[in-house]
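Notes follow once the structure below has been shown.
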Amino acid sequence: TRLLLARSLDDNADSAEAEAQLRARVAELAPPGGEDRSRQALHQRVRRVLAQVDLAWFLIAHARMADAQQTAREALQTVPPKVTASWLHPQQQALEALVWTQLLVPAKDTLATDWDAYDTAKRSGLGGSRKHLVHEADRALVAQALRDSRLQAQARAGVEESLAPVRHRPLSLCQTRSGTASDWRQTQWNARQRILSELGACPAAAPDPA
């Protein structure tokens, strides 16, 4: 597939061609006409949004945050105002990418608003109000970026709550991961691990899993 080819190209230091493949993948998933409400049209729209999210993460990995942010916002434009079950996952994925385009740069003009939208979307999902460690780590990162003590307190409480059922199990997020060039979320992984270490959820130095 074009996605696998793009990853292979990026691993071989051909980021320009990798980007071309990712953009071609989005272009091939042209959105159906607005009047088309068929199941096939819905599937096409969802796949296009997720392809745009992949492109956004590629751009994030290559430090092109403005382009990544634009791509994530374009993906969100396809999500309908009334989010049905079919759109929960793609909406969350696009909002997550949008938040991370701002977490990794100095300017954070709309981070608070975009985080609120992402947090609301997560709570609207199947897990409801249940706390998830990854999301609470992101909350802590946003709070740190915004210097928001109230949000930071919420994140600390959320991390504690999400850790309670798995307190005696090894956490994958606490393990070192040596990603390749095509691991476009390596920076995200590192940031989450750092904040969890600061919050005491991860040991200062975690060994690689056996």
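For region 29-74, what does the alpha-carbon gyration tensor say about shape, rounded, prolate or oblate, given a ≥ b ≥ c as the root eigenvalues, a/c under 1.5 as rounded, and a/b over b/c as prolate? Before the final figure, lay out the partial values.
Working: a/c = 4.78, a/b = 2.78, b/c = 1.72.
Prolate, because a/c is 1.5 or more and a/b exceeds b/c.
For the chain, which whole-number percentage of the solvent-accessible area (1.4 Å probe, protein heavy atoms only) is attributable to carbon and sulfur atoms?
52 percent
How large is the accessible surface of Arg167 in square angstrom, using a 1.4 angstrom probe and rounding to the nearest 10?
Result for Arg167: roughly 120 Å² accessible.
Of [x] 143; [y] 134; [z] 152, which one was derived for volume of the Cα convex hull per residue in Å³ from the structure shown?
Identified label for the calculated read-out: [x].
Per the helix-only calculation at 222 nm, which mean residue ellipticity applies to the chain, given -39500 (n - 2.57) for every DSSP H run of n ≥ 4 and division by its residues, nearest 500 deg cm²/dmol?
Mean residue ellipticity at 222 nm (helix-derived): -21000 deg cm²/dmol.
Can you tell which of His132, Pro80, Leu103 lies farthest toward the positive end of the dipole of the chain, using +1 and -1 charges on the Cβ of basic and acidic side chains (Lys, Arg; Asp, Glu)?
My answer, from the dipole projection, is His132.
What is the magnitude of the charge dipole of the chain about its Cα centre, with +1 placed on the Cβ of each Lys and Arg, -1 on the Cβ of each Asp and Glu, and no other charges, expressed in debye to the nearest 20?
Using only the charged Cβ atoms, the result is roughly 620 debye.
Counting only heavy atoms of protein chains, what accessible area per residue, in Å², does the chain have with a probe of 1.4 Å?
54 Å²
Going toward the positive end of the dipole of the chain, with +1 on Lys and Arg Cβ and -1 on Asp and Glu Cβ, which of Gln154, Ser8, Leu196 do you reach last?
The Cα lying farthest towards the positive end belongs to Gln154.
May I ask for the net charge around Glu19, where only other residues with Cβ less than 10 Å from the Cβ of Glu19 are counted and Lys, Arg are +1 while Asp, Glu are -1?
Details: positive: Arg23, Arg64; negative: Asp10, Asp14, Glu17, Asp67.
Combined, the nearby Lys, Arg, Asp and Glu give -2.
The values are calculated or read from the model by the stated rules, or taken from the named source; none is laboratory data. Given the structure is predicted, the values throughout are model-derived calculations rather than measurements. Here the Cβ is made from the backbone with ideal geometry for all residues, glycine too, and neighbour counts use every protein chain on show. Each accessible area value is taken on the protein alone, full model and side chains, heavy atoms only, with ligands, DNA and RNA left out. Shrake-Rupley method; radii C 1.70, N 1.55, O 1.52, S 1.80 Å.
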